[in-house]
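Participant: One structure follows; several queries about it will come next.
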Amino acid sequence: MQLHNLPTRLATGAFVLHAGMEKWNGSEEVAAGTHGMASGAYPVLGRLSAPTFLRTLSIGEMTVGATLLAPFVPPVAAGAALTAFSGALLGMYFRTPGLRKEGSIWPSQAGLPIAKDVWMLGVGLGLVLQGVRRRG
């Protein structure tokens, strides 16, 4: 990990890791709400039970967060993990009715909590590009 990546990887990694830890013991209500929104955007997720989905999401978030925090993980690998994760969140944003203003990419009030995750896509792509640039 390069020194100039340290603040970005620490802040983003800690945020994502904490989000995953919070979901680990999520209530049935939280599981149902999260699962409902995700399976609306990605119907294949409907095959999982809500608690299984929430636990799996929790593990995924903790893994992405830990990958960003681990100094031995190269920027391209950490960035790829974050890009995939944030890409899935933004895919849900674009596929879920009511999260965007009519005819626009801009978020409605309901979509703001998910649309703000675009910053993670930027961080992830920045890490990937830095890793690719260093190899080239």
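The values are calculated or read from the model by the stated rules, or taken from the named source; none is laboratory data. Note that the coordinates shown come from a computational prediction; the quantities given were computed from them, not determined experimentally. Please note: Cβ atoms are built from the backbone with ideal geometry, for glycine as well, and neighbour counts cover all protein chains shown.
Participant: Starting from the stretch 56-80, take each residue that is at pLDDT below 95 and list its partners that are β-branched (Val, Ile, Thr) and surrounded by fewer than 16 Cβ atoms within 10 Å (Cβ to Cβ), counting only C-beta distances under 8 angstrom and pairs at least six apart or across chains.
Facilitator: Once the first residue is at pLDDT below 95 and sits in the stretch 56-80, its partners that are β-branched (Val, Ile, Thr) and surrounded by fewer than 16 Cβ atoms within 10 Å (Cβ to Cβ) give VAL76/VAL132.
For (1) within 21 Å of LEU10 (Cβ to Cβ); (2) free of Cβ contacts under 8 Å to residues at least 40 places away in the same chain, each residue gets a yes or a no:
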{"residue": "GLY36", "(1), (2)": "no, yes"}
{"residue": "GLY40", "(1), (2)": "no, no"}
{"residue": "LEU45", "(1), (2)": "no, yes"}
{"residue": "LEU48", "(1), (2)": "no, yes"}
{"residue": "LEU89", "(1), (2)": "yes, yes"}
{"residue": "GLY98", "(1), (2)": "no, yes"}
{"residue": "PRO107", "(1), (2)": "no, yes"}
{"residue": "VAL118", "(1), (2)": "yes, yes"}
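Participant: Here are some conditions: (1) in contact (Cβ under 8 Å) with a residue 24 or more places away in the chain; (2) more than 20 Å from GLY131 (Cα to Cα); (3) assigned to a helix (DSSP H, G or I); (4) of a type outside the set (Val, Ile, Thr). GLU29 meets all but one. Which one does it not meet?
Facilitator: Just one mismatch for GLU29, condition (1).
Participant: Which of the following residues is among the small types (Gly, Ala, Ser), surrounded by fewer than 17 Cβ atoms within 10 Å (Cβ to Cβ) and within 25 Å of GLY26 (Cα to Cα): ALA88, ALA115, ALA77?
Facilitator: When all the criteria are applied, what remains is ALA88.
Participant: (1) of a type outside the set (A, V, I, L, M, F, W, C); (2) in a loop (DSSP other than H, G, I, E, B); (3) within 24 Å of PRO107 (Cβ to Cβ): which one isn't true of GLY91, the others all being true?
Facilitator: Result: GLY91 passes all but (2).
Participant: Filtering the stretch 45-60 down to residues that are surrounded by 15 or more Cβ atoms within 10 Å (Cβ to Cβ) and out of contact with any His (no Cβ under 9 Å at 6 or more places or on another chain), which residue is farthest from VAL30 (Cα to Cα)?
Facilitator: GLY60
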